[in-house]
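Reviewing the structure listed below.
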Amino acid sequence: MSTSSQLHVAIVMDGNGRWAVERGLPRIAGHRQGAQAVHDIVAAAPGLGVTALTIFAFSTENWKRPPDEVSYILQLFVSMVTKWLPELISQHVRVRIIGDRAALPGDVSASVEAIEKRTAFCDGLHLNVALNYGGRAEILLAAKTFAAECAAGTAAPEDLTEDRFDSYLWLRGEVPPDIVVRTGAESRVSNFLLWEMAYAELFFLDVLWPDFTPATLDMIVHKFKSRNRRFGGS
Ligand code: IPE
Ligand code: IPE
Ligand code: MG
């Protein structure tokens with residue numbers, strides 16, 4: 001549970017392809033416009049009280065897409081990181097990538113390393129970018145890491161607590177998301193933050209991701225504040 005001064009928003013940014021198709025454009029035009037929406041949301045988030053923002057950019061299942069689209073999405077990440085890095089640093093944004101980076105192409109993992117290293121000392125917004133991320137993969141990795149410690153004799157099964165399990169996750173150290181948003185008119189979580197979203201407030205929006213604006217985020221934060229979170233209490 002986060003303290004009142006922390007607000008973690010996680011977003012499944014869906015609907016880029018449909019946004020483009022509706023305009024008679026190739027799907028990649030939707031990804032490009034979606035990247036612009038990311039830029040604007042990152043800039044606006046701290047002013048809306050958001051202290052951590054976790055965005056789903058590419059899932060472990062998205063490799064099923066045509067190779068051209070996969071490579072466009074990954075290269076878009078590289079070019080945006082390069083372009084936005086000075087601005088992110090001036091905004092004190094600390095960027096972390098969550099996901100299986102071993103399977104990423106070399107230039108993409110080099111960009112991942114660079115952006116994390118260059119923003120590691122920033123003390124503002126925590127921006128977590130889920131890239132080649134899957135919630136089940138994250139849980140499996142945690143289970144394997146703990147199992148390996150048990151096999152090595154440095155841990156015993158009864159040592160495992162929720163806090164310790166958290167420490168094996170890619171998103172370790174972050175408060176759990178208070179809000180999970182999915183755009184694109186689908187009511188599913190598509191393998192995002194399965195462990196972490198246990199008590200998140202969910203928002204499913206009809207808006208396609210490229211049309212998501214700071215005003216949309218503002219509306220969600222306001223609605224969130226009027227929700228009654230009970231965490232199982234009465
Ligand atoms: C979300 O938009 C972006 C990624 C999954 C990378 P989509 O590309 O899934 O857009 P739709 O759902 O096909 O409209
Ligand atoms: C979820 O969107 C993944 C990202 C936003 C990166 P998808 O478009 O891949 O999800 P499904 O296929 O509709 O479940
Ligand atoms: Mg989609």
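The values are calculated or read from the model by the stated rules, or taken from the named source; none is laboratory data. Note that the structure is a prediction, hence the values are computed from the model and not measured. When we count neighbours, we look across all protein chains shown, and the Cβ atoms used for this are built from the backbone with ideal geometry, even at glycine. Calculation scope for accessible area: heavy atoms of the full protein, side chains included, ligands and nucleic acids excluded. Shrake-Rupley method; radii C 1.70, N 1.55, O 1.52, S 1.80 Å.
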Pair list, Cβ under 9 Å, 6 or more apart: the stretch 38-62 residue on the phi > 0 side of the Ramachandran plot, other residue open to solvent by 10 Å² or more (accessible area, probe 1.4 Å) and at pLDDT 95 or above: 49/7
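Can you tell me which residue among 175, 221, 189 is closer than 24 Å to residue 31 by Cβ and either in contact with a Leu (Cβ under 8 Å, 6 or more places away or on another chain) or assigned to a loop (DSSP other than H, G, I, E, B) (or both)? Step through it out loud before you land on a result.
Details: 175 fails: closer than 24 Å to residue 31 by Cβ; 221 fails: closer than 24 Å to residue 31 by Cβ.
Matching residue, one of 175, 221, 189: 189.
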Residue within the stretch 121-128 that is part of a helix (DSSP H, G or I) and not basic (Lys, Arg) present: no
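Considering each of 83, 117 in turn, give the residue that is open to solvent by 10 Å² or more (accessible area, probe 1.4 Å), closer than 19 Å to residue 45 by Cβ and part of a helix (DSSP H, G or I).
83
Any idea which residue in the stretch 5-61 is nearest to ligand 2 (Cβ to nearest atom), counting only those that are of a type in the set (S, T, N, Q) and part of a loop (DSSP other than H, G, I, E, B)?
Top of the filtered list is 60.
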Index of the failed condition, residue 187 passing every other in (1) at pLDDT below 95; (2) farther than 22 Å from residue 175 by Cβ: (1)
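Under the condition of being within 16 Å of ligand 1 (Cβ to nearest atom) and among the polar types (S, T, N, Q), which residue from the stretch 163-203 is surrounded by the most Cβ atoms within 10 Å (Cβ to Cβ)? Break it down stepwise before answering.
From the stretch 163-203, those within 16 Å of ligand 1 (Cβ to nearest atom) are 180-193; that's our starting set.
Still in the running and among the polar types (S, T, N, Q): 183, 187, 190-191.
Values: 183: 25, 187: 7, 190: 15, 191: 18.
Filtering first and then ranking leaves 183.
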Test: residue in the stretch 130-148 that is free of Cβ contacts under 8 Å to residues at least 24 places away in the same chain and surrounded by 16 or more Cβ atoms within 10 Å (Cβ to Cβ): yes
Lone unmet requirement of (1) in a loop (DSSP other than H, G, I, E, B); (2) within 16 Å of ligand 2 (Cβ to nearest atom); (3) in contact with a strand residue (DSSP E or B) (Cβ under 7 Å, 6 or more places away or on another chain) for residue 203: (1)
Any pair with Cβ under 7 angstrom, 6 or more apart, that starts in the stretch 199-212 at a residue that is farther than 18 Å from residue 27 by Cα and ends at one that is acidic (Asp, Glu) and open to solvent by less than 20 Å² (accessible area, probe 1.4 Å): 200/178; 201/178
Residue satisfying all of: in the stretch 16-43; in contact with a Pro (Cβ under 7 Å, 6 or more places away or on another chain) and closer than 19 Å to residue 80 by Cα; farthest from ligand 3 (Cβ to nearest atom) among these: 40
Search result, residues across the stretch 224-234 that are part of a helix (DSSP H, G or I) and open to solvent by 100 Å² or more (accessible area, probe 1.4 Å): 225
Every residue from the stretch 10-54 that is of a type in the set (Val, Ile, Thr) and near ligand 1 (Cβ under 10 Å from one of its atoms): 12, 21, 28
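Quick check on the stretch 80-107: of everything there that is under 17 Å from the mean Cα position of the chain (by Cα) and aliphatic (A, V, I, L, M), which residue is nearest to residue 48 (Cα to Cα)? Show your work before the answer.
Going through the stretch 80-107, the residues under 17 Å from the mean Cα position of the chain (by Cα) turn out to be 80-81, 88, 93-101, 104.
Checking which are aliphatic (A, V, I, L, M) leaves us with 80-81, 88, 93, 95, 97-98, 104.
Values: 80: 23, 81: 23, 88: 17, 93: 15, 95: 19, 97: 23, 98: 24, 104: 33 Å.
Taking the candidates together, the pick is 93.
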